[in-house]
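**Q** Please see the structure below; I have some questions.
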Amino acid sequence: MGLSKTIWTNPTEFLRNQQPENPVLFFSPSAVQSAARRFIDGFPGMVTYAVKSNPGEEVVENLAAAGVRGYDCASPFEIDLIRRLAPDAAIHYNNPVRSLAEIRHAVEKGVKSWSVDSKSELAKLIAHVPTQDCEIAVRFKLPVSGAAYNFGAKFGATVELATELLKTVAGAGFIPSITFHPGTQCTDPAAWEAYIRTAAVIARDAGVTIARLNVGGGFPSHRLNGVMPQLEATFALIDKTATEAFGDNRPLLICEPGRALCGDAFTLAARIKSIRDDAHVFLNDGVYGSMVELPMIGMIDRIEVMDIDGHKRKGEIQPRIVFGPTCDSVDRLPGEVPLPSDIEEGDFVIVHGMGSYSVVTNSRFNGFGALELATVLSLKI
């Protein structure tokens with residue numbers, strides 16, 4: 001799966017001319033660069049990209065071209081990818097659980113920033129990571145509010161443990177920092193405020209002046225027509241709260257958005273395979289393909305439908321039960337999907353905002369899942 005060499009004007013031009021039988025993801029380089037510049041211009045600190053959300057080379061190359069100089073990696077594969085595509089970039093190895101082989105690989109690749117949320121993993125870092133110019137950020141968690149998915153169920157130390165870990169990090173001679181993640185697709189700017197103020201308490205109680213505070217990812221992409229991401233408001237609140245909470249000891253700030261940088265740079269076109277008895281709609285893509293994330297955090301409603309000649313369907317919106325192509329009843333999109341009442345077999349269902357956790361999680365279960373990538377100047381149909 002790779003990008004087509006032809007650059008199309010928009011998805012409509014491609015679909016009308018190619019009539020693809022398999023689903024297509026359309027990529028707009030200008031959209032991902034625009035998202036990057038929005039963060040670089042607005043966030044009061046260093047912007048890094050969470051590679052896991054979409055590790056496509058076209059994404060990384062365009063983020064680097066737009067000025068992103070840091071990357072949050074979770075595996076040796078992602079570290080090697082960044083070293084190849086952006087060799088001078090800073091790499092933050094912020095998956096807090098690593099094997100000894102993974103630690104050795106990262107050290108060999110010059111990784112200087114790590115995160116940790118447990119005593120056992122910190123002991124491994126102390127034993128195998130050189131202290132010179134190396135940062136260890138203690139990751140903590142709080143109850144989640146305003147997010148679509150709770151990262152604290154898997155990662156993050158309690159406040160009490162984080163305080164103890166931070167003391168150990170500083171005592172071992174590493175650059176002490178703190179990190180957190182407020183939860184994915186976090187549409188409430190206030191979620192960051194409680195974390196930042198708690199980070200200041202952890203640093204104070206540990207008796208440690210931290211070098212940097214990583215406010216994590218969680219910044220939302222545009223998934224719902226009625227909910228626009230409040231990025232600038234979030235940036236301003238983070239800036240204000242960091243100054244209030246830390247005062248003269250304010251640390252340098254870092255963020256690590258994933259979906260907020262790549263999500264709106266891709267649009268998916270799936271094709272209607274069948275409309276069963278004018279009730280259930282079957283698509284050639286589903287939850288085993290590029291739509292794997294939708295049952296977990298909710299359906300995207302930024303949907304348009306186009307006939308084979310490139311004309312938009314304009315019938316009254318009718319909620320439909322929608323299935324993917326596999327022989328598995330789990331392969332169903334969440335809830336009922338709003339589709340025009342005049343849809344027909346062969347139409348293209350176009351879902352905007354599909355750049356995050358789509359390409360990378362796409363499988364070939366049941367023999368389906370072939371996915372084409374096409375470059376477009378604009379994602380408007």
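The values are calculated or read from the model by the stated rules, or taken from the named source; none is laboratory data. Keep in mind that this is a model prediction, so the values were computed, not measured. Cβ placement follows ideal geometry from the backbone for every residue including glycine, while neighbour counts extend to all protein chains displayed.
**Q** Name the residue that is farthest from ASN10 (Cα to Cα), counting only residues in region 266-282 that are buried (at least 24 other Cβ atoms within 10 Å of the Cβ) and of a type outside the set (Val, Ile, Thr).
**A** Only one residue fits best here, namely ALA270.
**Q** State all residues of region 197-237 that are among the hydrophobic types (A, V, I, L, M, F, W, C), within 25 Å of GLY353 (Cα to Cα) and assigned to a helix (DSSP H, G or I); if no residue qualifies, say none. Give the steps one after another, and end with the answer.
**A** Residues of region 197-237 that are among the hydrophobic types (A, V, I, L, M, F, W, C), as a first pass: 199-203, 206, 208, 210-211, 213, 215, 219, 224, 227-228, 231, 233, 235-237.
Checking the rest, the ones that are also within 25 Å of GLY353 (Cα to Cα) come to 215, 219, 224, 227-228, 231, 233, 235-236.
Selection gives LEU231, ALA233, PHE235, ALA236.
**Q** Test VAL337 against the criterion of being surrounded by 17 or more Cβ atoms within 10 Å (Cβ to Cβ), modelled with pLDDT of 95 or more and over 13 Å from ARG271 (Cβ atoms), and give yes or no.
**A** Values: surrounded by 17 or more Cβ atoms within 10 Å (Cβ to Cβ): yes; modelled with pLDDT of 95 or more: yes; over 13 Å from ARG271 (Cβ atoms): yes.
Considered against the rule, which asks whether it is surrounded by 17 or more Cβ atoms within 10 Å (Cβ to Cβ), modelled with pLDDT of 95 or more and over 13 Å from ARG271 (Cβ atoms), VAL337 comes out as yes.
**Q** Which of (1) of a type outside the set (A, V, I, L, M, F, W, C); (2) surrounded by 13 or more Cβ atoms within 10 Å (Cβ to Cβ); (3) within 28 Å of the chain's Cα centre (by Cα) is the odd one out, the single condition ASP307 does not satisfy?
**A** Here ASP307 meets the rest and fails (3).
**Q** Check ASP117, ASP72, ASP80, ASP88 and return the single one that is among the charged types (D, E, K, R), in contact (Cβ under 8 Å) with a residue 60 or more places away in the chain and in the same structural domain as MET46 (by TED's automatic domain parsing).
**A** On the way: ASP117 fails: in contact (Cβ under 8 Å) with a residue 60 or more places away in the chain; ASP80 fails: in contact (Cβ under 8 Å) with a residue 60 or more places away in the chain; ASP88 fails: in contact (Cβ under 8 Å) with a residue 60 or more places away in the chain.
Being among the charged types (D, E, K, R), in contact (Cβ under 8 Å) with a residue 60 or more places away in the chain and in the same structural domain as MET46 (by TED's automatic domain parsing) holds for just one of ASP117, ASP72, ASP80, ASP88, which is ASP72.
**Q** Let me ask something else about it. Could you identify the single residue in VAL337, VAL322, VAL351, VAL330 that is in contact with a Ser or Thr (Cβ under 8 Å, 6 or more places away or on another chain) and among the aliphatic types (A, V, I, L, M)? Spell out how you get there, then give the answer.
**A** Numbers: VAL337 fails: in contact with a Ser or Thr (Cβ under 8 Å, 6 or more places away or on another chain); VAL322 fails: in contact with a Ser or Thr (Cβ under 8 Å, 6 or more places away or on another chain); VAL330 fails: in contact with a Ser or Thr (Cβ under 8 Å, 6 or more places away or on another chain).
Unique residue meeting the criteria: VAL351.
**Q** Same structure, new question: If you check VAL201 against the conditions, is it farther than 28 Å from ALA36 by Cβ and either surrounded by 24 or more Cβ atoms within 10 Å (Cβ to Cβ) or in contact (Cβ under 8 Å) with a residue 12 or more places away in the chain (or both)? Before you say what the answer is, go through the steps one by one.
**A** Values: farther than 28 Å from ALA36 by Cβ: yes; either surrounded by 24 or more Cβ atoms within 10 Å (Cβ to Cβ) or in contact (Cβ under 8 Å) with a residue 12 or more places away in the chain (or both): yes.
Judged against the criteria, VAL201 is a match.
**Q** With the requirement that a residue be over 9 Å from the mean Cα position of the chain (by Cα) and of a type in the set (A, V, I, L, M, F, W, C), what does region 245-265 give you?
**A** Answer for region 245-265, where residues must be over 9 Å from the mean Cα position of the chain (by Cα) and of a type in the set (A, V, I, L, M, F, W, C): ALA245, PHE246, LEU252, LEU253, ILE254, CYS255, ALA265.
**Q** Look at region 346-375 and say how many of its residues are part of a loop (DSSP other than H, G, I, E, B), of a type in the set (D, E, K, R) and surrounded by 16 or more Cβ atoms within 10 Å (Cβ to Cβ). Steps first, answer last, please.
**A** Filtering region 346-375 for residues part of a loop (DSSP other than H, G, I, E, B) gives 346-347, 353-364, 368-371.
Narrowing the set further to residues that are of a type in the set (D, E, K, R) leaves 347, 364.
After this cut, where a residue has to be surrounded by 16 or more Cβ atoms within 10 Å (Cβ to Cβ) as well, the list is 347.
Here the count works out to 1.
**Q** Let me spell it out: the conditions are (1) outside the structural domain of GLY183 (by TED's automatic domain parsing); (2) under 30 Å from GLY67 (Cα atoms), and LEU252 meets all of them except one. Which number is the exception?
**A** So LEU252 meets the others, but not (1).
**Q** If you scan region 304-337, which residues turn out to be within 24 Å of ARG16 (Cβ to Cβ) and touching a Pro at 6+ places or on another chain (Cβ under 6 Å)?
**A** VAL305, ARG313, GLY315, ILE317
**Q** From PHE174, PHE140, grab the single residue that is touching a residue at least 24 places away in the same chain (Cβ under 8 Å), surrounded by 16 or more Cβ atoms within 10 Å (Cβ to Cβ) and touching a helix residue (DSSP H, G or I) at 6+ places or on another chain (Cβ under 6 Å). Reasoning before the result, please.
**A** Numbers: PHE174 fails: touching a helix residue (DSSP H, G or I) at 6+ places or on another chain (Cβ under 6 Å).
Checking each option against the conditions leaves just PHE140.
**Q** For the subset of region 228-244 comprising residues that are surrounded by fewer than 14 Cβ atoms within 10 Å (Cβ to Cβ) and acidic (Asp, Glu), which member is farthest from the chain's Cα centre (by Cα)? Don't jump to the end; show me each part of the working.
**A** Keep residues of region 228-244 that are surrounded by fewer than 14 Cβ atoms within 10 Å (Cβ to Cβ), which gives 228, 232-233, 240, 243-244.
Checking which are acidic (Asp, Glu) leaves us with 232, 244.
Details: GLU232: 18, GLU244: 29 Å.
Among those that are surrounded by fewer than 14 Cβ atoms within 10 Å (Cβ to Cβ) and acidic (Asp, Glu), it is GLU244.
**Q** From the set of residues in region 245-292 that are among the aromatic types (Phe, Trp, Tyr) and assigned to a strand (DSSP E or B), which is nearest to PRO319 (Cα to Cα)? Before you say what the answer is, go through the steps one by one.
**A** Initially, region 245-292 is screened for residues among the aromatic types (Phe, Trp, Tyr), giving 246, 266, 282, 288.
Now drop any that are not assigned to a strand (DSSP E or B), which leaves 266, 282.
Numbers: PHE266: 24, PHE282: 14 Å.
So, considering only residues that are among the aromatic types (Phe, Trp, Tyr) and assigned to a strand (DSSP E or B), the one nearest to PRO319 (Cα to Cα) is PHE282.
**Q** Taking the options ALA265, ALA242, name whichever one is aliphatic (A, V, I, L, M) and out of contact with any Gly (no Cβ under 7 Å at 6 or more places or on another chain). Don't jump to the end; show me each part of the working.
**A** Values: ALA265 fails: out of contact with any Gly (no Cβ under 7 Å at 6 or more places or on another chain).
Criteria check complete, one pass: ALA242.
**Q** Follow-up question, since we're still on this one. Restricting to region 293-309, what's the tally of residues that are part of a loop (DSSP other than H, G, I, E, B) and more than 15 Å from VAL24 (Cα to Cα)?
**A** Step one: of region 293-309, the residues part of a loop (DSSP other than H, G, I, E, B) are 293, 298-302, 307-309.
When the remaining residues are screened for being more than 15 Å from VAL24 (Cα to Cα), the result is 293, 298-302, 307, 309.
Qualifying residue count for the region: 8.
**Q** Tell me, which residue of region 318-334 that is among the charged types (D, E, K, R) and under 29 Å from VAL51 (Cα atoms) is surrounded by the fewest Cβ atoms within 10 Å (Cβ to Cβ)?
**A** If we filter region 318-334 for residues that are among the charged types (D, E, K, R), which is where we start, we get 320, 328, 331-332.
Subsequent filtering for residues that are under 29 Å from VAL51 (Cα atoms) retains 331-332.
Values: ASP331: 23, ARG332: 17.
Checked region 318-334; the qualifying residue surrounded by the fewest Cβ atoms within 10 Å (Cβ to Cβ) is ARG332.
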